[in-house]
There are 2 protein chains.
Amino acid sequence: MPLKADLDAIDWKILRELQNDGRMTNVELSNRVGISAPPCLRRVRRLEEAGIIRGYRALLNAPALGMDVVAFCLIGLHHQADAELKSFAERTRGWPIVRDAWMVSGESDFLLHCVASDLGTFQTFVIEELASAPNVDTVRTALTIRRVKDEGLVAFEGKS
Amino acid sequence: MPLKADLDAIDWKILRELQNDGRMTNVELSNRVGISAPPCLRRVRRLEEAGIIRGYRALLNAPALGMDVVAFCLIGLHHQADAELKSFAERTRGWPIVRDAWMVSGESDFLLHCVASDLGTFQTFVIEELASAPNVDTVRTALTIRRVKDEGLVAFEGKS
DNA sequence: AAAATCGCGAAAGATTCTTGCGCGAAAGCC
DNA sequence: GGCTTTCGCGCAAGAATCTTTCGCGATTTT
């Protein structure tokens, strides 16, 4: 499994291009990174198999689909033993409103990225599901007003 | 431009499939949603042009690329006039460490999703860039321990 | 009931994907 | 130094896919 050190400048270019447009054809990609199509495809496959490319995703426009509420919730638990952290983590996977979830350190124990169709649905979720889940101590919510920046997970400063 | 009401069950299936695998071929996609390839491609194009599909992205494995620190920062500003919110929003776009940013309501004004190669880099960023940026009042950070859930932005409960 | 609208699916040509193979450059070894 | 091995690129060809065109049937409109 190739590590970071095995990636050359062309690999970084490939990652940057696919992070910007994951549906680009291999021919187009090969032109952009400056090699021909076959070795380009081989590099992409290698990056996928190495787990460096975790997958591909269409980015959806939540408001256009009737999802008007995007919010983040910071959750503090009463007890932070390993079993209890795992238990809460598992619970987040059963909540469709929760789209991503992170275990964090700091003032809270979990950060949840939530999407709901309307404020009522979200509030009901917070009160009846989240805050009343076992072991939940504090729930702080931040409703999003608008997205201000939206790049991929990884930056490519000076990697080309 | 089609609105939510114009989407039928097949469109929802297409969105779900492409959110799970944005690089699926159109033939594969058409098989999964139960129509032939040409109308399937037309539907995808329509969803793209309508802005319902905002784009496609390869998901990268940050730790494998030497990005060991993922954190969230909650920022409170001194003054929340429109010009000052816009000014800070613009500033986030110049910070490569900040990958996504949201303007939020609640205890804080902005939430930043940050990725850095190591803790030192991140701390330097927080102290020398973030906390010392104009108009910044409070900075609360939450270092992520691990990702617990990672779905797309939109859920499809009962939409198929 | 006739006409218009709409989306599906078959067919075909263009493009792309994918594999196998030969070549040249760089690294390792005697 | 010179030989061998290794590695990745790019050409070429067959398979698969993409994309457009066109006719059909179903639903809606008039």
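Listed values, structure above:
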| read-out | value |
| --- | --- |
| Residue check for A:H79: in a loop (DSSP other than H, G, I, E, B), more than 7 Å from chain B (Cβ to nearest Cβ) and not acidic (D, E) | yes |
| Residue within the stretch A:53-69 that is small (G, A, S), under 15 Å from A:H113 (Cα atoms), at the interface with chain B (Cβ under 8 Å from one of its Cβ atoms) and in a loop (DSSP other than H, G, I, E, B) present | yes |
| Cβ pairs under 6 Å, 6+ apart, first in the stretch A:25-38 and within 11 Å of A:I14 (Cα to Cα), second near DNA strand D (Cβ under 7 Å from one of its atoms) and open to solvent by 60 Å² or more (accessible area, probe 1.4 Å) | A:S30/A:S36 |
| The one condition in (1) more than 13 Å from DNA strand C (Cβ to nearest atom); (2) surrounded by 15 or more Cβ atoms within 10 Å (Cβ to Cβ); (3) more than 10 Å from every other protein chain (Cβ to nearest Cβ) that B:I35 fails to fulfil | (1) |
| Qualifying positions in the stretch B:84-97 - within 12 Å of chain A (Cβ to nearest Cβ) and in contact (Cβ under 8 Å) with a residue 24 or more places away in the chain | B:L85, B:S87, B:F88, B:R91, B:W95, B:I97 |
| Residue match in the stretch B:52-59 (condition: more than 20 Å from the chain's Cα centre (by Cα), open to solvent by 30 Å² or more (accessible area, probe 1.4 Å) and more than 12 Å from DNA strand D (Cβ to nearest atom)) | no |
| Residue among B:F110, B:F72 that alone is touching a residue at least 60 places away in the same chain (Cβ under 8 Å), under 27 Å from A:N20 (Cβ atoms) and surrounded by 15 or more Cβ atoms within 10 Å (Cβ to Cβ) | B:F72 |
| One residue from A:E84, A:E107, A:E90 being acidic (D, E), at pLDDT below 95 and out of contact with any helix residue (DSSP H, G or I) (no Cβ under 9 Å at 6 or more places or on another chain) | A:E107 |
| Search result, residues across the stretch A:119-138 that are under 12 Å from A:A71 (Cβ atoms) and surrounded by fewer than 17 Cβ atoms within 10 Å (Cβ to Cβ) | A:L119, A:T121, A:Q123 |
| Residue list for the stretch A:118-153, restricted to those being farther than 20 Å from A:M103 by Cα, part of a helix (DSSP H, G or I) and without any contact (Cβ under 8 Å) to a residue 40 or more places away in the chain | A:G120, A:Q123, A:T124, A:I127, A:E128 |
| Residue satisfying condition, being closer than 24 Å to B:A101 by Cα, open to solvent by 60 Å² or more (accessible area, probe 1.4 Å) and in a helix (DSSP H, G or I), within set A:R45, A:R16 | A:R16 |
| Test result for B:A101, within 9 Å of chain A (Cβ to nearest Cβ), farther than 26 Å from A:P63 by Cβ and open to solvent by less than 20 Å² (accessible area, probe 1.4 Å) | no |
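The values are calculated or read from the model by the stated rules, or taken from the named source; none is laboratory data. Values in this document were obtained by computation on a predicted structure and should not be read as measured data. Cβ coordinates were reconstructed from backbone atoms using ideal geometry, including for glycine residues, and neighbour counts include every protein chain displayed. Only protein heavy atoms, including side chains, enter the accessible area calculation; ligands, DNA and RNA are left aside. Shrake-Rupley method; radii C 1.70, N 1.55, O 1.52, S 1.80 Å.
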